[in-house]
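One structure below.
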Amino acid sequence: MEQAMTNYLPAIDIMMCHLGISFEQACEQLGLSPLEQQNLSLLQAEQQQTQSN
């Protein structure tokens, strides 16, 4: 499940950068539930922390 969720992150990043929408709006556009949005937010934070180390 986690791997499937991480596959959404590049699409969300593209939508945020090119369309100028928020993380939440991008998740809504992709049809993700609030729980999935929360899980993705945590995964994104983990990835950013890993990259900064």
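Bear in mind these aren't lab numbers, they're just calculated from the coordinates by the rules spelled out. Given the structure is predicted, the values throughout are model-derived calculations rather than measurements. Reconstructed Cβ throughout: ideal geometry from the backbone, glycine too, with neighbour counts over all protein chains shown.
Quick notes
- Estimated distance in nm for a label pair at Gln3 and Ser33, the labels positioned 7 Å out from Cα along Cα-to-Cβ: 2.2 nm
- Space enclosed by the convex hull of the alpha-carbon atoms of the chain, per residue, Å³: 74 Å³
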